[in-house]
Amino acid sequence: MNKQNAKNTHSLYDVLYAASEDNILWGTKPGRLIPLIPELTKGRTVLEAGCGDGKNALFLEQNGFTVTGFDSSNLAINGLTNRFRRANWLPKGNYIVANLLNPIQLRSSDVLISYGVFHCLPELSRIEVHRKLQKKVALGGLVVFTCLTNKLPLPEKHTTQGVTLAGLNEITHLFDGWEIEYCDEGIIVEEHYPIVGQHYHTAIWIIARRVNR
Ligand SMILES: C[S@@+](CC[C@H](N)C(=O)[O-])C[C@H]1O[C@@H](n2cnc3c(N)ncnc32)[C@H](O)[C@@H]1O
């Protein structure tokens, strides 16, 4: 685990990672769209932006994918290391502390996972930043995406100052020119004990395929 672009490597989620045992914050299972990936692509390279504590990366490595993951939080990458160690799984991929808002060198991949990072980016520039990331997906490849939406407000004391909930128009714009293979909206229940306690968010889940150069 190394640092690619050292400045601005803190995260909006650091308070929550710091309060979690072994910095493992995001539960025991991969995100709900992740198990669909092996059926949707023959490609085996994955880039995960904001990979957090590695709940998706571990599943994908165990299913034969080569994963490159980065997160702006060194606590998140520490959590990922701990998660892999607990699972007795030696990481085969490359996991680094790097901030998407800084210059970052990324290889093209068959799948981009953007799971919960879009709502962390600055509202005014995030479409541009994220679409630049989407360009790293090979033709015919996938973006597997989720973010929090603004149908419910953030609970008070969520401690993630700087998270801005996304509107549906914004998400539609983000995937202009992409083929949407899956789209669902719903409510998720999170806990983040002992800091926040049980609370609810609205979210959207999308799988989009790159059909244009
Ligand atoms: C909601 S968490 C999701 C973590 C992981 N993707 C998952 O599904 O379990 C969002 C993650 O994005 C990271 N993040 C936020 N802003 C970022 C940025 N500008 N560059 C890289 N990572 C960022 C946070 O540190 C956090 O780990």
Residues located in the range 44-66, provided they are free of Cβ contacts under 8 Å to residues at least 40 places away in the same chain and in contact with a Cys (Cβ under 8 Å, 6 or more places away or on another chain) | Ala57
Residues of the range 61-93 being over 23 Å from Glu21 (Cα atoms), within 15 Å of the ligand (Cβ to nearest atom) and out of contact with any Lys or Arg (no Cβ under 9 Å at 6 or more places or on another chain), in sequence order, are Gly93
When Ala76 is evaluated against the numbered criteria (1) within 19 Å of Ile127 (Cα to Cα); (2) crowded, with 22+ Cβ neighbours inside 10 Å, which criterion, by number, is the only one it fails?
-> (1)
Restrict the check to the range 113-122 and report whether at least one residue is closer than 27 Å to Val211 by Cα, surrounded by fewer than 15 Cβ atoms within 10 Å (Cβ to Cβ) and in contact (Cβ under 8 Å) with a residue 40 or more places away in the chain.
-> no
Being of a type in the set (Ser, Thr, Tyr) and open to solvent by less than 10 Å² (accessible area, probe 1.4 Å) is the filter here, so list the residues in the range 123-150 that pass it.
-> Thr149
Just for strands (runs of 3 or more DSSP E) wholly inside the range 95-195: which have at least 2 residues that are under 17 Å from the mean Cα position of the chain (by Cα), within 12 Å of the ligand (Cβ to nearest atom) and modelled with pLDDT of 95 or more?
-> 109-115, 137-149
Taking the range 36-60 and the residues there that are away from the ligand (no atom under 12 Å from the Cβ) and of a type in the set (S, T, N, Q), the one that is most open to solvent (accessible area, probe 1.4 Å) would be Thr45
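The values are calculated or read from the model by the stated rules, or taken from the named source; none is laboratory data. Every value quoted in this text rests on a predicted model; they were computed, and no experiment measured them. Methodologically, a virtual Cβ is constructed for each residue, glycine included, from the backbone with ideal geometry; neighbour enumeration extends over all protein chains shown. Calculation scope for accessible area: heavy atoms of the full protein, side chains included, ligands and nucleic acids excluded. Shrake-Rupley method; radii C 1.70, N 1.55, O 1.52, S 1.80 Å.
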